[in-house]
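Working notes, beginning with the structure itself.
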Amino acid sequence: MSKTEDLKWVSRATLLGDTTAFDHLVRKYQSSIRRFFLNLTMGDTQLSDDLAQETFIKAWLNLSSFQGLAGFSTWLFRIAYNVYYDAVRSRKFTSEIDETEVNRMYQAENEFSGSKLDIHTALQLLRKEERTAILLFYMEDKNHKEIAKIMDSPLGTIKTYILKGKEKMGKYLKENGYEE
């Protein structure tokens, strides 16, 4: 679906109250929103599903406020970003992550499980803003301008978050036996 098609579905959902139109948008973006939360919550699937559901509920309730100035995905990720940080502020769940549980969740019977765990460990070393910017840039293929809109931060700040995040992750990975 293109941005034009997204606008068509948003228009149908907003003007006609067409829940089927909104369902098209949910199906298109649910995987990327859920993946975004899975990475932010370090693999907590139940919490990620709850946050994704809350994101789509808020999107539906506020769909009439979508102005089309940015892409629908940018608007939706902005909602997801706010949902996540509201949860962080209200529940403080990031400080309660059990490292052994995260390790268990990411262990698999393949040669890549160690590197996957190292990436998640490196992500934990980042500030929340750096982690969010890194995940949006590398995992969700958002450009710097889209990330700036999602995070409501200046473009230069986003570039700094990504640069600092890459440096911290690179240092950690290099110290743990990975080449550049």
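No lab work stands behind these numbers, since they all come straight from the coordinates. Treat the numbers as computed from the prediction; the structure is a model and nothing was measured. Don't worry about glycine lacking a Cβ; one is built from the backbone with ideal geometry, like all the others, and counts go over all protein chains shown.
With a sphere of radius 12 Å drawn around the Cβ of residue 139, what net charge do the other residues whose Cβ falls strictly inside it have (Lys, Arg +1; Asp, Glu -1)?
It works out to a net charge of +2.
Skipping prolines and chain starts, which residues have an amide H placed within reach, meaning under 5 Å, of the one on residue 18, given they are 5 or more residues away or on another chain?
Amide H to amide H, under 5 Å and 5 or more residues apart or across chains, residue 18 pairs with 13.
Given a Förster distance of 35 angstrom, what is the FRET efficiency for residue 159 paired with residue 45, based on the Cβ-Cβ distance and rounded to 0.05?
Working from the Cβ atoms, E equals 0.65.
So what J values fall out for region 154-166 if you push phi through Karplus, 6.51 cos²θ - 1.76 cosθ + 1.60 with θ = phi - 60°, rounded to Hz, Gly and Pro as x?
These are the phi-based 3J(HN,Hα) values: x, 4, x, 5, 4, 4, 5, 4, 5, 4, 5, x, 4 Hz.
With no solvent and one point per C-alpha, what does the Debye sum give as log10 I(q)/I(0) for region 1-97 at q = 0.21, 0.25, 0.26 Å⁻¹?
After summing over all Cα pairs, the log10 values are -1.00, -1.30, -1.38.
Only counting other Cβ atoms within 10 Å, I'd like 84, 172, 138 sorted with the fewest neighbours first.
So the residues, fewest neighbours to most, are 138, 172, 84.
Pairs 3/164; 8/166; 8/149; 8/58: which exceed 29 Å Cα-Cα?
In this structure, 3/164; 8/166 lie more than 29 Å apart at Cα.
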